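What follows is one structure encoded as structure tokens, with my remarks underneath.
The values are calculated or read from the model by the stated rules, or taken from the named source; none is laboratory data. Model, not experiment: these values are computed from the prediction. Here the Cβ is made from the backbone with ideal geometry for all residues, glycine too, and neighbour counts use every protein chain on show. Please note that ligands, DNA and RNA were not included when accessible areas were found on the heavy atoms of the full protein model with its side chains. Shrake-Rupley method; radii C 1.70, N 1.55, O 1.52, S 1.80 Å.
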Amino acid sequence: MRPSETRSTCPYCGVGCGVIVESDGRRITGVRGDPQHPANAGRLCTKGATLHLTASDEVTRQVRLLRPQLRPRRGGPLQPMGWDDALDHASERVADIVARHGPDALGFYVSGQLLTEDYYVFNKLAKGLLGTNNIDSNSRLCMSSAVAGYKATLGADAPPACYEDLVHAQCLFIAGSNTAWAHPILFRRIEDAKRANPGLRIIVVDPRRTETAEVADLHLPLLPGTDVMLFHGMLHVMLREGWTRPDYIAAHTRGFEALEALVRQATPERVAQVCGIAAADLVTAARWFATSQATLSLYCQGLNQSSSGTAKNAALIDLHLASAQIGRPGAGPLSLTGQPNAMGGREVGAMANLLSAHRDLADPAHRAEVAALWGVESVPARPGRSAVQMFEAAADGEIRALWIACTNPAQSMPDQATVRRALERAEFVVVQEAFETAATCAFADLLLPAASWGEKEGTVTNSERRISRVRAAVAPPGEALPDWRIAVGLARRLEARMRPGQPTLFPYESPEEIWNEHRESTRGRDLDITGLSYAMLGTAGPQQWPIPEGAASGRARLYEDGIFATADGRAEFSAITWRPLAEPTDARHPFTLITGRLRDQWHGMTRTGTLGRLFG
Ligand SMILES: Nc1nc2c(c(=O)[nH]1)N[C@H]1C(S)=C(S)[C@@H](COP(=O)(O)OP(=O)(O)OC[C@H]3O[C@@H](n4cnc5c(=O)[nH]c(N)nc54)[C@H](O)[C@@H]3O)O[C@H]1N2
Ligand SMILES: Nc1nc2c(c(=O)[nH]1)N[C@H]1C(S)=C(S)[C@@H](COP(=O)(O)OP(=O)(O)OC[C@H]3O[C@@H](n4cnc5c(=O)[nH]c(N)nc54)[C@H](O)[C@@H]3O)O[C@H]1N2
Ligand code: SF4
Ligand SMILES: [Mo]
């Protein structure tokens, strides 16, 4: 490493690749894969490898937000202003709305692309200072089904497996994930695993013949929305053939009888008909899954983005439990996270129904613990509004102010008519963005320029629970500020009004101070990271949680002892009946539209869209 080089991570997908950023002190001049990062060992995909080009002077001049701007009149032009004026104005408007309508008239809509430290401050600001749980993240559109699926079965929101498991797996079950395009470097590792072990069986469950399906030994092109039926059919076959593990089920789980009764109806004939696949393929899938030495599942939006997303997740985890394919090298469910720090957001609990360090808002003891940690009297008990509800409430006039950070709802939320009505009806809309090309900027009363990749410090957690340091290689352009600083700026101004004379709840001068507070909140929890520090992340490299005080390194996989994160240590089977699509096709609506990403573009394309070469 030369002095002009900085270790950081790629800001795109949840694989969480390490990058080495080259700079001349002022500008980012190059990027390459970090050979020492455990996620990618030096490799990058097209998006990661072109990052430096998206940070050139030319691109910055054309598309970056460089100073705070106020729109005094809706539809009118924006006027530049200084940070002090911008944040004074923001705090005045927020305080006024709270005074008139109470704190639940506010809505904070944040993002799995914020760093853990940014996320932490926003969560404390909403729940600790302002007293509203109306903070939710775009993870609601993404990973919340996976969260619910893990909690319902294994007891905690903790992906139990890791990338290394690809090397040990004998069967790879990829469901509703186009890994080849959406998690490209992980896919390179899948290809490596297949080359090293030609006996590895790959099953891909996807209605489309994707590039991922091309490498499959068995592709199940099921009809959209029929996964629960497929998984129940697999369990039916496993039971019939004696491929389940009654010893494991008896020792480590509960609730199997109800599921057993439910899947009795999922005969191969019925499953073949509902899912539109061959009965023989169902039997093969069940055999490979249950009888291989180790089966690893990878899954993403094909399971999550569904009206039965939680049921799909839980039914797949059920298969792992019933066949004891969990808690061993190469075996277990591994949900792939989409955004680079979807996991970090879950860790700090920055969603409407969660609290810090995997605590639950509904639990009075958890609320008391968090209030004590934060030094506030209480944390509000009433669940906040989820992302979709937040925009509905704004469209209905119940939420009066929307604070949007690092996400572009005018493009990415479902039901755009409601979203736009919400953005128009809300009295005060703040958009904290890095790129002026984001569609939501047009709705901002106050537009705040955020520092972005290569310009900010903090941490992120990738799909395999691995925490990495994110580092700044250059200063942000113009007057852009890191997201945590903007949130702290607002918080301190509000404190001055709401708790005059009292010591600040937001004393942070660096991301490390925020992270240290977050670390303390994890003590004794399933994601305990009290053994970790910024310094250790530098010297020992990225680490997987948990890593409690005294541990020399993080833990690769969970539940190896068969003790789960539930009250009695037993995993819980879910028995949720398959439901047909919420909006089935009919003669007048003959098409089923499904989601799917572009290989070389990222979501709303504010960053990737600046490069002609990424339009293939
Ligand atoms: N290039 C690129 N990579 C990305 C992103 C990006 O924007 N661009 N975004 C990131 C983010 S935030 C996310 S969440 C991930 C998403 O990662 P993935 O979920 O792997 O990506 P998608 O392309 O949405 O693929 C979903 C797959 O599910 C299939 N599918 C649809 N309906 C069903 C169904 O009912 N059952 C099953 N089994 N399959 C179904 C679709 O055909 C599709 O192939 O990607 C991340 N990586
Ligand atoms: N139709 C459809 N809609 C979908 C999906 C789908 O498959 N189909 N997928 C859903 C999923 S899984 C997801 S995750 C969401 C993603 O939806 P969004 O969150 O809207 O996606 P992005 O375009 O990545 O938005 C991130 C925004 O943050 C800005 N930004 C970048 N860096 C920074 C920074 O450091 N600070 C700040 N403040 N801003 C920054 C970017 O310019 C960008 O506008 O979309 C969801 N919506
Ligand atoms: S695989 Fe994901 S994290 Fe890795 S370089 Fe590509 S986009 Fe970035
Ligand atoms: Mo996502």
Evaluate the following for Tyr109: is it closer than 23 Å to Asn353 by Cβ, away from ligand 3 (no atom under 16 Å from the Cβ), in contact with a His (Cβ under 8 Å, 6 or more places away or on another chain) and not hydrophobic (A, V, I, L, M, F, W, C)? no
Flag for Thr54 being among the hydroxyl-bearing types (Ser, Thr, Tyr), in contact with a Ser or Thr (Cβ under 6 Å, 6 or more places away or on another chain) and under 28 Å from Gly349 (Cβ atoms): no
Single condition Glu549 does not satisfy, out of (1) more than 29 Å from Gln325 (Cβ to Cβ); (2) open to solvent by less than 40 Å² (accessible area, probe 1.4 Å); (3) modelled with pLDDT of 95 or more; (4) more than 25 Å from the chain's Cα centre (by Cα): (2)
Considering only residues that are within 16 Å of ligand 2 (Cβ to nearest atom) and under 27 Å from Met390 (Cβ atoms), look in region 150-183 and name the one that is surrounded by the most Cβ atoms within 10 Å (Cβ to Cβ). Gly176
Is it true that some residue in region 70-83 is open to solvent by 40 Å² or more (accessible area, probe 1.4 Å), at pLDDT below 95, of a type in the set (A, V, I, L, M, F, W, C) and away from ligand 2 (no atom under 16 Å from the Cβ)? no
Does any residue of region 345-356 turn out to be of a type in the set (Asp, Glu) and at pLDDT below 95? no
I'd like to check something: does region 156-170 contain any residue that is of a type in the set (S, T, N, Q), touching a Gly at 6+ places or on another chain (Cβ under 8 Å) and away from ligand 4 (no atom under 16 Å from the Cβ)? yes
Within region 9-22, how many residues turn out to be within 19 Å of the chain's Cα centre (by Cα) and either part of a strand (DSSP E or B) or away from ligand 4 (no atom under 16 Å from the Cβ) (or both)? 3
Keeping to region 390-415, report how many residues are closer than 22 Å to Gly604 by Cβ and either aliphatic (A, V, I, L, M) or open to solvent by 50 Å² or more (accessible area, probe 1.4 Å) (or both). 13
If a residue must be surrounded by fewer than 17 Cβ atoms within 10 Å (Cβ to Cβ) and outside any loop (DSSP other than H, G, I, E, B), how many such residues does region 340-370 contain? 4
Return the residues of region 295-329 that are away from ligand 1 (no atom under 15 Å from the Cβ) and either part of a strand (DSSP E or B) or surrounded by fewer than 24 Cβ atoms within 10 Å (Cβ to Cβ) (or both); say none if nothing qualifies. Thr295, Leu296, Ser323, Ala324, Gly327, Arg328, Pro329
Result of the Cβ filter at 7 Å on region 409-436, keeping first residues that are under 18 Å from Gly76 (Cα atoms) and partners that are aromatic (Phe, Trp, Tyr) and surrounded by 23 or more Cβ atoms within 10 Å (Cβ to Cβ), at least 6 apart or interchain, is Val430/Trp403
Residue in region 100-115 that is most open to solvent (accessible area, probe 1.4 Å), counting only those that are assigned to a helix (DSSP H, G or I) and over 17 Å from Ala491 (Cβ atoms): Arg100
The condition of being within 30 Å of Thr212 (Cα to Cα), away from ligand 4 (no atom under 16 Å from the Cβ), of a type in the set (Lys, Arg) and not in a helix (DSSP H, G or I) holds, among Arg557, Arg597, Arg613, only for Arg557
Given the structure, is Thr610 away from ligand 3 (no atom under 16 Å from the Cβ) and among the hydroxyl-bearing types (Ser, Thr, Tyr)? no
Is there any pair with a first residue in region 290-303 that is at pLDDT 95 or above and a second that is among the aromatic types (Phe, Trp, Tyr) and near ligand 1 (Cβ under 6 Å from one of its atoms) whose Cβ atoms are under 9 Å apart and which are 6 or more apart or on different chains, and what are they? none
Tally time: how many residues in region 360-395 are out of contact with any strand residue (DSSP E or B) (no Cβ under 7 Å at 6 or more places or on another chain) and more than 18 Å from Asp136 (Cα to Cα)? 12
Keeping to region 23-50, report how many residues are open to solvent by 50 Å² or more (accessible area, probe 1.4 Å) and either part of a strand (DSSP E or B) or among the β-branched types (Val, Ile, Thr) (or both). 3
When Ala126 is evaluated against the numbered criteria (1) part of a helix (DSSP H, G or I); (2) open to solvent by less than 30 Å² (accessible area, probe 1.4 Å); (3) within 16 Å of ligand 3 (Cβ to nearest atom), which criterion, by number, is the only one it fails? (3)
Just checking, how many residues over region 442-483 are assigned to a helix (DSSP H, G or I) and open to solvent by 10 Å² or more (accessible area, probe 1.4 Å)? 2
Evaluate region 232-251: report whether one residue or more is in contact (Cβ under 8 Å) with a residue 12 or more places away in the chain and closer than 13 Å to Gly176 by Cβ. no
Exactly one of Arg209, Arg240 is outside any helix (DSSP H, G or I), more than 16 Å from ligand 3 (Cβ to nearest atom) and out of contact with any helix residue (DSSP H, G or I) (no Cβ under 8 Å at 6 or more places or on another chain), and that residue is Arg209
Given the structure, is Val147 open to solvent by 10 Å² or more (accessible area, probe 1.4 Å), more than 16 Å from ligand 2 (Cβ to nearest atom), assigned to a helix (DSSP H, G or I) and among the β-branched types (Val, Ile, Thr)? no
